Amino acid sequence: METPLVTTPIITAPRHFGLEEIVDLALHEDIGTGDVTTLATVPADRQASGTILAKEAGIISGIEVAAFVFARVDGAIVYEPLVADGDRVEVGTDLARISGPARSLLIAERTALNLMQRLSGVATVAARYVAATAGTSAAIVDTRKTTPGLRTLEKRAVLHGGARNHRYGLADGILIKDNHLAAIGGADRITKAIAAARAYAPHTLRVEIEVTNLAEFDEALAAGADIIMLDNMATETMAEAVQRRQAAGSSALIEASGGITLTRIPEIAATGVDLISVGALTHSAKALDISLNLILAN
């Protein structure tokens, strides 16, 4: 039987460590007791305006975050977004216009750009992986391999790139991995682990387990796992696991993980797996090149 297409994230949207906390921490880290260069050289009554510019093509994420940064520094700053989060832009695209007290613009500049560049880099990488699944029903999902403190924003950037979120944190889903199984021990550790998870978790929580070979896959399937993660398996082995699921008449989702590269995505997606989890969406994304050009207003 065919497995239904995954059309929503496995876990609900991020809900921890919000934008205000992230931005305040970043501003405190950068400003400290004050921007001595700006305070020493720029007159307090000076006004300025500027444009945030994409110097590299990609998917934008962080337009709203940057707006919050500028507003957090000075409510007198006027911020006009020219694109939306999730938009694809080319080199030279104006992303936003800003105007206001020159000191405030300079103080907020680096934090706003750092966050927008980082998040746009994540969104751009996510979009490349999603594009590589074209013609298949496989969904690209992220992992918990995020920048400490930035998980909320990075997972949102993954969505802007067209990919999907896996669990947000340890409290959001049961994922039994190799080290859990090692701690449990015994020849029937997979069956025992799934049974224990079922007894502990509410019925609304899915049970996922990581397996490394087809024998473990068969055991997890028979034990009733909701999602089975194929860890570092060859493409041919993944295809065999999909066939075994179909033969068993199971509705369990199959997730490919480990050793996932962009070049492998088309062949992995073609096996019929439902999910492909990619840590590189967040842990290896290169920041998109974005700059702010200021001009004197008076």
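For this structure, a couple of remarks:
- Residue match in segment 168-176 (condition: of a type in the set (Ser, Thr, Tyr), under 20 Å from Ser61 (Cβ atoms) and touching a residue at least 60 places away in the same chain (Cβ under 8 Å)): yes
- Failed condition for Ala96, given (1) surrounded by 18 or more Cβ atoms within 10 Å (Cβ to Cβ); (2) in contact (Cβ under 8 Å) with a residue 60 or more places away in the chain; (3) not hydroxyl-bearing (Ser, Thr, Tyr): (2)
- Search result, residues across segment 246-269 that are buried (at least 19 other Cβ atoms within 10 Å of the Cβ), small (Gly, Ala, Ser), outside any strand (DSSP E or B) and under 20 Å from the mean Cα position of the chain (by Cα): Ala269
- Residues of segment 141-194 classified as in a helix (DSSP H, G or I), surrounded by 14 or more Cβ atoms within 10 Å (Cβ to Cβ) and not charged (D, E, K, R), total: 13
- Gly272 meets each of the listed conditions (1) at negative phi; (2) buried (at least 19 other Cβ atoms within 10 Å of the Cβ) apart from (1).
- Failed item in (1) assigned to a loop (DSSP other than H, G, I, E, B); (2) closer than 25 Å to Lys145 by Cα; (3) not basic (Lys, Arg), with Ala197 passing the rest: (1)
All of the numbers you see were taken from the coordinates with simple rules; none came from a lab. The structure displayed is predicted, hence computed values, not measured ones. Positions of Cβ are backbone-derived with ideal geometry, glycine not excepted, and every protein chain shown enters the neighbour counts.
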